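Below is one structure, written out as structure tokens; the observations come after it.
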Amino acid sequence: MRGGREMTAEELQWIARVWGVHIRRAVRVAGGFSGAGVWKVETDQSQCFAVRRTELVDESEWIRRNAICRWMSLVGDCGVTCVPVPLKPMRDSGDAEALSNRCQDYLVRGLGGVWQLEPWMPGEFIAGLPSDAELTATMRVLEQIHRLGREAGQRGDLTSVLAVRRGVSPGVERRLRIVMELQAGLLTGLEAGANRDPDRRFGPAAERMCVCLRSGLRRLQTLLSAAVSEEVALQPVLRDLWRPHVLFHEGRISGVIDWNAAATDHVVLDLTRLMRSWYGAHHEDLWRVYRDISEVRRFGSAEFRLLRACDAASVLLSPVTWLRRRYSQEVAGSAEESVVVRFEELVTTAESFVASSLF
């Protein structure tokens with residue numbers, strides 16, 4: 001992964017020319033499943049920014065990414081201060097070469113990648129259950145983000161990539177395909193990988209997760225199949241919204257970060273992914289929150305079925321990503337401690353969920 005490294009002197013100088021910020025310190029902070037590299041940088045004026053680098057993209061992806069940046073900018077212009085609105089490159093920079101003449105406001109191509117600069121948002125994510133105040137603040141901000149995205153989509157401000165329409169949830173269709181892959185042989189391969197895993201902590205946890213999948217896949221398929229049989233209101237949503245992407249500072253929500261996966265889908269995808277990442281195995285508490293959300297958002301029966309399906313898929317299919325990554329090639333050595341801890345949390349949640357009356 002090219003993002004999993006320190007920033008070079010050439011890159012620091014290039015960023016200074018393109019955005020007019022002179023960096024005195026850069027620290028790599030991320031480089032996850034997406035392959036993106038993210039650095040926290042501090043300027044000579046003690047300002048902090050996040051620099052994101054991804055691999056070169058085709059024009060359709062370039063248009064989508066710029067549309068996301070415009071959505072963020074619209075939200076920021078409406079007074080939502082927790083959104084890290086990307087900075088535009090300097091207009092007089094000869095280095096600010098865009099992939100498309102139609103979309104060159106935010107992203108910049110250079111040094112073999114695509115770059116984005118945005119403010120570094122202060123704060124920490126919630127490690128345990130959110131307080132009532134934190135939950136209320138989050139729901140208020142998400143309602144603003146979703147509403148402004150929907151309005152911008154209706155006006156056509158975000159191009160057809162982030163559109164507003166009625167249809168079947170693409171996210172649910174994707175999840176149903178994963179279930180079918182698991183049933184068609186993928187799960188057998190994951191079981192074999194878990195059985196051979198040399199890590200004495202990750203391997204047994206992986207085997208337990210496979211047992212959960214064996215017992216829960218048919219029910220999950222039923223829920224997802226019911227959800228894809230009905231059209232719902234689709235609009236711009238974040239899609240990759242979970243607890244590390246919602247930050248709090250001094251008692252207030254200070255950051256909703258990492259919008260890179262945004263696309264057209266139903267708002268339920270954002271709500272279930274975030275809530276489940278907070279509440280984990282606290283199933284009854286979570287469903288009280290879901291009922292409140294459904295009332296506030298005025299979800300009908302189709303939306304509530306979609307919520308049930310997305311929540312169940314979040315529990316059972318999120319760990320599959322971890323298993324596929326680890327067993328897609330010959331496993332060498334032990335998993336990182338942070339990976340083992342997070343995966344164990346996911347497995348424990350899945351075990352209790354499959355055994356509960358709520359599934």
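Brief remarks on what is shown
- The overall shape of the range 275-331, judged from the alpha-carbon gyration tensor, is prolate: a/c is not under 1.5, and a/b is greater than b/c.
- Geometric extent, Cα atoms of the range 186-332 - Rg, Dmax (angstrom): 17.2, 49
- Over the range 132-355, relative contact order from alpha-carbon pairs under 8 Å, at least 6 apart, %: 27 percent
- In plain terms, the chain from Val296 to Met90 could stretch by 69.9 nm, reckoned as 0.36 nm per residue minus the Cα-Cα distance.
- The range 298-341 and the range 116-168 have Cα centres lying 22 Å from one another.
- Positive dipole terminus of the chain, leading residue within Leu269, Trp259, Gly20 (C-beta point charges): Leu269
- Rounded FRET efficiency, nearest 0.05, which uses the C-beta distance separating Ala192 from Gln329 and R0 of 22 Å: 0.95
- Using R0 = 41 Å, the C-beta based FRET efficiency linking Ser356 and Gln154 works out to 0.55.
- Three-way shape call for the range 112-255 based on the alpha-carbon gyration tensor, with the a/c threshold at 1.5: oblate
- The protection proxy used here, the mean number of other Cβ atoms lying within 10 Å of each residue, ranks peptides 190-197, 36-43 as follows, highest first: 36-43, 190-197.
- Compared with the dominant Cα axis of the chain, that is its longest principal axis, helix 187-196 is turned about 80°.
- For the chain, the Kirkwood hydrodynamic radius from C-alpha pairs, put into Stokes-Einstein at 37 °C and a viscosity of 0.692 mPa s, yields a diffusion coefficient of 151 µm² per second.
Every number here is computed from the coordinates shown, using simple stated rules; none is lab data. Keep in mind the model is a prediction, meaning the values are calculated, not measured. Note: ideal-geometry Cβ built from the backbone for every residue, glycine included; neighbour counts use all protein chains shown.
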